[in-house]
Amino acid sequence: MLAESRQQSEDPEPSGPGEIITSQRNFAIIACQRSGTHLLREILNSNPQVAVVAEPMTPNDEPDTWHEFLELLPPERAVYLDVFEAAALFDEYMKFVRGCIRRDCLEYGGPKQPSLSIGLDVKYNQLRCVNPMYHDLRMRPFLLDYFQQRNFRIIHLVRNNLLHQAISIVLSNLRRIWRNGDREVLPGSFHLPI
């Protein structure tokens, strides 16, 4: 857990490296894959005061991911040994995300207002992606403590019908399509091996 003794600034935009971001405006959507986060993200991104980053802990070529952010850093800066270094680095990442949103607002549903709420779509299996090197794996994931310390709101999204979720997982694996961003009708029918 992050130490309570660290001073927290009320300014959501830190003016220098190592300053802490606290904000009532940031939030995280925490859920399992195939639980409806894509639809929720699209709905929230339609608001000019909200931008939700699509699975930022997934290593892919999207410019706003945690892994892409780490790639931009000198190798010695991309190693974070304890919770304080991890928190400072994740604060920098949140500033980086804000810059990505300003540069490419169309990826987040269109132009955004300066008083922007940033959301992170984080899956259960991604919660430990930011754990510092010296973090006991039996402890709760660092990101949960970070979200608490930085006053993130948490949206815990759960799909009630687990059978529909399982079918969605099987179909997406059979089709090799995990999201349909262009709203194209997918042809064909599939036999579920149940």
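The values are calculated or read from the model by the stated rules, or taken from the named source; none is laboratory data. Fair warning: this is a prediction, and the values are worked out from it, not measured in the lab. Here the Cβ positions follow ideal geometry from the backbone for every residue, glycine too, while neighbour counts run over all protein chains shown. These area figures cover heavy atoms from the full protein model, side chains too; ligands, DNA and RNA do not enter into them. Shrake-Rupley method; radii C 1.70, N 1.55, O 1.52, S 1.80 Å.
Farthest towards the positive end of the charge dipole of region 32-165, among the residues I43, G110, L143, is the Cα of I43, using unit charges on the Cβ of Lys, Arg, Asp and Glu.
For R103 and H164, the FRET efficiency from 1/(1 + (r/R0)^6), where r spans their Cβ atoms and R0 equals 41 Å, is about 0.65.
Taking all protein chains into account, the per residue accessible area for region 90-137 stands at 49 Å² (1.4 Å probe). Across the alpha-carbon set of region 86-148, the Rg to Rh ratio works out to 1.05, Rh being the Kirkwood radius. By the Stokes-Einstein formula, at 0.692 mPa s and 37 °C, region 20-100 with its Kirkwood radius over alpha-carbon pairs has D equal to 232 µm²/s.
Peptides 85-97, 164-176, 146-158 ranked from most to least packed give 85-97, 146-158, 164-176, packing being the mean of other C-beta atoms within 10 angstrom over each peptide's residues.
Here the gap between Y124 and E42, fully extended at 0.36 nm per residue and compared with their Cα-Cα distance, gives a gain of 27.5 nm.
What is the calculated FRET efficiency for L73 to R176, with r their C-beta to C-beta distance and R₀ = 41 Å, to the nearest 0.05? Given R0 = 41 Å and the Cβ-Cβ separation, E is 0.80.
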